[in-house]
Amino acid sequence: MAKKTTRRSVSFSQSVNLMADRAFQSLNMDPGVASAIKSCDSIIQVNFPVNIRGRIEVFTGWRATHSTHRLPSKGGIRYAPMVDQDEVQALAALMTYKCAIVDVPFGGSKGGLAIDPSRYTREELQVITRRFARELIRKGFLSPSTNVPAPDMGTGEREMAWIADTYRQLHPEDINASACVTGKPVAHGGIRGRTEATGRGVVYVLREFFRHPRDVRAAKLSGGLGGKRIVIQGLGNVGYYTAKLLQEEDEARIIAVIERDGAIVNEKGVPVEMLKQHIIKTGGVKGFPEGRHIEKGKTALEMNCHILIPAAMEGQITAANADRISARLIVEAANGPITYEADEILRAKGIPILPDAYVNAGGVTVSYFEWIRNLTHIRFGRMERRFDEMRGAHLITALESIAKDTVPDSIKEKIIHGADELDLVRSGLDDTMRLAYQEISATKRENKEIRDYRTAAYVVAIKKIARSYFDIGVY
Ligand code: GLU
């Protein structure tokens, strides 16, 4: 495997720590406690051989448990050719802060396997995944009560189903076996709304942002989401749902989509669903008829727009291009898309950034709902839905008899409708993202020395983590 080359002068995990340091400083936190919170609890590297088409290939994977003040520790597993220990460690730390920001009672963890999944068949990937899962389980890095993976870049519900099945085979007596991993297919203990959760969460973040006129004005924006010119990088799971929902539900204008093989630009709006289908069919954005293709896709990050949403991967906005960014607001749907140096430049330029550890927390939030569903062994809404519908019907009968008039059908339907699992998941996700925004925004407003949302979000997280360390007697 080629050594990872990086144009950053600090590594990804250093970048996360430096960003957190600003919050530790503004909290005047004891350096010992700060380093206890920042340090990674444990990390394993596993190397395992798999017979691929008659040849033995050795795969390398990692799982970092950054914190265990709440259990299980939670975070995805990514499959990517260049993944390494530093990246996994950085992402695990982000998970710790992320869970604390949105009040999900988990510690932070992350896993990675150095692999290019496109080079292997489904069957081969299944063997590799099951083998990786076995390594993690045997070494105590995967179980419903201590460490629960989820999808991330390069993995999805298919891999999660294989992992859950591997765990079940090794622990047939564990009645909570299916809670060992989240992001499973719905037919295998998954929850409705998990696949779209991160993207939908990003949309809820933006809707809440636009409910705060003072924050909107500070970003030199006005009005609501409708008609806003948006540039998005990455049409993978997170970027796709973010762009699609913004376009279809909020009438925002997606003026550019950046992908691996370039960008598609269309001032009138790129039809997101159509572009996604084109990517699935052809493997890239090239040749898409509904927009202009730019070979050097990354330059589209610098386009003049209202909102820039990096939703692809880390290290996309660096000291090399930060100065040329001209968006009014940046919303980090990916983990770590802006390096520490770039963050400093953007802060100086006065471009507000809604940070990753908050913005993309919708995924782990719905993972939390899935984990609870698995432990309770019952679908959300199963007990009360019909009861609520009956009560709604009684209410309408009562209203109509008092008013001697009929309630219009459209209102009737809304009152009678009993919430199903998807309604409840979306409601819980919306509530979570809204409350976290309010906490972050208030923290920023009330502390004059905190000038940016990232530091405010870290302050929110660190206060909760420090409190929990204190309660369990760490200091
Ligand atoms: N991989 C996702 C993240 O980075 C989801 C983690 C989870 O659901 O545990 O937040």
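Farthest towards the positive end of the charge dipole of the range 294-385, among the residues N335, A361, F380, is the Cα of F380, using unit charges on the Cβ of Lys, Arg, Asp and Glu.
Convex hull volume of the Cα atoms in the range 111-151, per residue, in Å³?
Convex hull volume per residue, Cα atoms: 74 Å³.
Taking the charge dipole of the range 192-279 about its Cα centre, with +1 at Lys and Arg Cβ atoms and -1 at Asp and Glu Cβ atoms, the residue from I279, V202, A219 reaching farthest to the positive side is A219.
For the range 186-241, the pair-distance distribution built from all alpha carbon pairs, in bins 10 Å wide starting at 0, is 21, 40, 27, 10, 3 percent. Taking each DSSP H run with n ≥ 4 as -39500 (n - 2.57) and averaging over every residue of the chain yields -14500 deg cm²/dmol at 222 nm. The Cα trace of the range 134-260 gives Rg and Dmax of 19.1, 58 Å, the first to one decimal, the second as a whole number. Of all DSSP beta bridges confined to the chain, the antiparallel ones make up roughly 50%. Highest mean packing comes first when the peptides 329-337, 55-63, 27-35 are listed by Cβ atoms within 10 Å, giving 329-337, 55-63, 27-35. Just so you know, the Cα atoms of the range 55-200 work out to an Rg and Dmax of 14.3, 47 Å.
Peptides 468-474, 439-445 ranked from most to least packed, by the mean per-residue count of other Cβ atoms within 10 Å: 439-445, 468-474. Rg and Dmax of the range 21-86, both derived from C-alpha coordinates alone, stand at 17.5, 59 Å. Computed over the range 286-352, the percent of Cα pairs more than 16 Å apart is 46.
For the chain, the mean projected area of the C-alpha convex hull, equal to one quarter of the hull surface, is 25.3 nm². Counting Cα-Cα pairs of the range 159-217 in 5 Å increments starting at 0 gives whole-percent bin shares of 4, 18, 17, 14, 10, 9, 8, 7, 6, 4, 2, 0. A simple spin-label model places the labels of T121 and K404 7.7 nm from each other, with each point 7 Å out along Cα-to-Cβ.
Placing +1 on the Cβ of every Lys and Arg and -1 on the Cβ of every Asp and Glu, with nothing else charged, gives the chain a dipole about its Cα centre of roughly 580 debye.
Close amide H partners of R78, meaning residues 5 or more places away or on another chain with modelled amide H under 5 Å apart, are G111, G112, L113.
Cα centroid separation, the range 190-246 to the range 399-467: 15 Å.
Charges only on Cβ, +1 for Lys and Arg, -1 for Asp and Glu: so what's the dipole of the range 419-475 about the Cα centre, in debye to the nearest 20?
Here the range 419-475 has a charge dipole of around 500 debye.
When both bridge partners sit in the range 1-153, DSSP labels roughly 65% of those beta bridges antiparallel. Taking the centroid of alpha carbons for each part, the range 263-286 and the range 32-107 are 33 Å apart. Hull volume per residue, based on the alpha-carbon atoms of the range 229-300 and their convex hull, is 71 Å³. The charge dipole of the range 197-265, taken about its Cα centre with unit charges on the Cβ atoms of Lys, Arg (+1), Asp and Glu (-1) only, comes to about 300 debye.
Throughout, read-outs are computed from the coordinates displayed, never taken from laboratory work. Quick caveat: nothing in here was measured; it's all calculated off a predicted structure. Methodologically, a virtual Cβ is constructed for each residue, glycine included, from the backbone with ideal geometry; neighbour enumeration extends over all protein chains shown.
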